[in-house]
Amino acid sequence: MIGRRLVNGVEGGTISADDRGLQYGDGLFETMAALNGKVRRLDMHLARLAEGCHRLRMPMPSSDQIESDCARVLEGLGSAVVKLVVTRGPGPRSYMPPAQPTLTRIVVSTAQQVSEVESGRPLNVRICETRLGRNPRLAGIKHINRLEQVLAGAELREPLVDEGLMRSTDDRLVCATAANLFMVHAGRLLTPQISDCGVSGVMRESVLRLAAQLGLEVEIGDFTLADLERADEFFLTNAVRGIRPVGHVEGLKTFVPGPMIARLREALETR
């Protein structure tokens with residue numbers, strides 16, 4: 001259920017038909033968890049947004065404006081999700097971006113309650129056939145062109161499948177459709193590097209920082225399904241859902257959530 005929606009700070013505002021976000025996918029977004037009227041890890045979301053604006057050569061909207069919009073759409077809500085979309089705004093029919101764009105800023109809140117039982121339930125996941133194209137200039141940022149994820153999501157229609165794992169065109173395991181992934185092998189945390197495709201998730205970064213604080217050994221590199229098959233534990237990370245253990249990968253392996261996942265989940269709750 002949607003709470004409130006603002007367009008450029010105006011409740012009930014509209015978006016121009018020639019907005020470049022609609023016409024070309026020329027923009028960025030952040031999906032953020034909120035509790036008691038406050039967006040969690042807002043500084044990390046804004047840092048990634050700023051990096052995305054830099055990569056797309058687009059002005060960064062005012063952080064004060066974004067914080068104000070978030071506070072307004074969260075009024076009266078407890079646990080919620082806030083989605084921020086920033087596009088280059090309206091412009092003439094041309095791929096060439098306008099020299100001085102007028103940004104469009106959309107902020108939407110949705111009430112959401114996730115029980116402890118649900119958040120700890122091991123996920124059933126599938127390996128998607130849809131691959132991620134490789135482009136270092138777009139890797140890591142959350143640009144609004146998500147057609148690869150849309151196609152992968154269409155492969156997950158069966159109700160027993162919670163998520164899908166996505167590989168690059170050269171067979172590297174990269175991420176899930178809406179999450180980053182971590183494997184545990186021989187006491188070490190393994191996670192794919194985000195070098196030429198995929199998104200550098202805020203929760204992924206939070207887990208990496210947490211691992212450093214806990215003194216855990218971490219390897220960020222290139223991994224395949226063979227590495228996943230050798231893993232002892234497997235979990236996904238998402239800014240809204242946190243750390244979610246994986247119980248079964250169709251056609252590959254069944255996992256039992258172990259001590260590493262429990263330790264990270266417990267430590268994350270205190271931060």
message: For region 241-264, which positions are closer than 16 Å to residue 162 by Cα and free of Cβ contacts under 8 Å to residues at least 24 places away in the same chain?
response: 254
message: Tell me yes or no: at least one residue of region 30-42 is at pLDDT 95 or above, over 18 Å from the mean Cα position of the chain (by Cα) and closer than 30 Å to residue 269 by Cβ.
response: no
message: Taking the condition of being under 19 Å from the mean Cα position of the chain (by Cα) and of a type in the set (Ser, Thr, Tyr), how many residues in region 227-271 meet it?
response: 1
message: So, residue 267, is that one under 11 Å from residue 182 (Cα atoms) and without any contact (Cβ under 8 Å) to a residue 60 or more places away in the chain or not?
response: no
Unique match (being closer than 30 Å to residue 72 by Cα, assigned by TED's automatic domain parsing to the domain that holds residue 37 and either among the polar types (S, T, N, Q) or in a loop (DSSP other than H, G, I, E, B) (or both)) among 109, 206: 109
statement: In region 50-81, anything under 21 Å from the mean Cα position of the chain (by Cα) and either of a type in the set (Asp, Glu) or closer than 22 Å to residue 139 by Cβ (or both) is listed as 50, 51, 52, 53, 54, 55, 56, 58, 60, 67, 69
message: Please determine whether any residue of region 27-39 is among the hydroxyl-bearing types (Ser, Thr, Tyr), in a strand (DSSP E or B) and either under 27 Å from residue 95 (Cα atoms) or not assigned by TED's automatic domain parsing to the domain that holds residue 196 (or both).
response: yes
- request: Name the residue, out of 238, 145, that is touching a residue at least 60 places away in the same chain (Cβ under 8 Å), within 20 Å of residue 83 (Cβ to Cβ), surrounded by fewer than 16 Cβ atoms within 10 Å (Cβ to Cβ) and outside the structural domain of residue 21 (by TED's automatic domain parsing).
  value: 145
Output for region 178-193, where each listed residue is surrounded by 19 or more Cβ atoms within 10 Å (Cβ to Cβ) and assigned to a loop (DSSP other than H, G, I, E, B): 178
query: Do we have any residue at all in region 7-16 that's touching a helix residue (DSSP H, G or I) at 6+ places or on another chain (Cβ under 7 Å), under 17 Å from residue 70 (Cβ atoms) and surrounded by 14 or more Cβ atoms within 10 Å (Cβ to Cβ)?
result: no
query: From the list 125, 82, which one is assigned by TED's automatic domain parsing to the domain that holds residue 42, in contact (Cβ under 8 Å) with a residue 12 or more places away in the chain, in a strand (DSSP E or B) and aliphatic (A, V, I, L, M)?
result: 82
message: Quick check on region 47-55. Is at least one of its residues part of a loop (DSSP other than H, G, I, E, B) and either free of Cβ contacts under 8 Å to residues at least 60 places away in the same chain or surrounded by 15 or more Cβ atoms within 10 Å (Cβ to Cβ) (or both)?
response: no
- request: Confirm whether residue 131 is touching a Lys or Arg at 6+ places or on another chain (Cβ under 7 Å), assigned by TED's automatic domain parsing to the domain that holds residue 248, at pLDDT 95 or above and in a strand (DSSP E or B).
  value: yes
task: For residue 216, work out the one condition from (1) in contact with a Lys or Arg (Cβ under 8 Å, 6 or more places away or on another chain); (2) closer than 30 Å to residue 111 by Cα it doesn't fulfil.
output: (2)
- request: Out of 5, 41, 88, report the one residue that is within 23 Å of residue 149 (Cβ to Cβ), out of contact with any strand residue (DSSP E or B) (no Cβ under 7 Å at 6 or more places or on another chain) and not β-branched (Val, Ile, Thr).
  value: 41
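The values are calculated or read from the model by the stated rules, or taken from the named source; none is laboratory data. This is a predicted model, so every value here is computed, not measured. We place every Cβ from the backbone using ideal geometry, glycine too, and count neighbours over all the protein chains shown.
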